[in-house]
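What follows draws every value from the coordinates through simple rules; no lab data is involved. These figures come from a predicted structure and were not determined experimentally. Counting neighbours? That spans all protein chains shown, and the Cβs are built from the backbone with ideal geometry, glycine included.
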Amino acid sequence: MTLEKHGYRVVTAFDGVAAIKEIAAHNPALILMDINMPRLDGYQLCKLVKKHPATSHIPVLMLSGKDGMFDKLRGKLVGASGYITKPFSPEGLIEVVSRELKAVSR
């Protein structure tokens with residue numbers, strides 16, 4: 001995976017419920033999530049992450065094939081710090097992830 005090649009540790013989950021368990025177990029520095037996930041979509045998961053005191057500080061980047069203003073605004077309203085529209089280049093992903101992590105470490 002692109003992120004791993006750049007030295008990032010990646011933990012995956014295949015649905016929103018599994019993601020909650022992985023977030024609790026690994027306390028990530030950043031969360032990348034697709035909007036369209038089974039059982040709990042990205043908007044619902046982001047809202048839960050941002051409401052919980054133990055995870056509210058973690059930046060969330062949402063990934064989606066939807067490029068509409070409504071979708072981006074909805075992401076911001078639930079607390080996402082960024083929104084990446086698919087398709088995206090590996091370089092673009094690394095740039096956004098790096099920027100978000102630098103902003104958190106300040």
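Please go through segment 42-83 and pick out each residue that is of a type in the set (D, E, K, R) and in contact with a Ser or Thr (Cβ under 7 Å, 6 or more places away or on another chain). Scanning segment 42-83 gives K50, D67, D71. Taken together, the residues in segment 7-49 that are of a type outside the set (K, R), farther than 13 Å from G75 by Cα and surrounded by 13 or more Cβ atoms within 10 Å (Cβ to Cβ) amount to 16.
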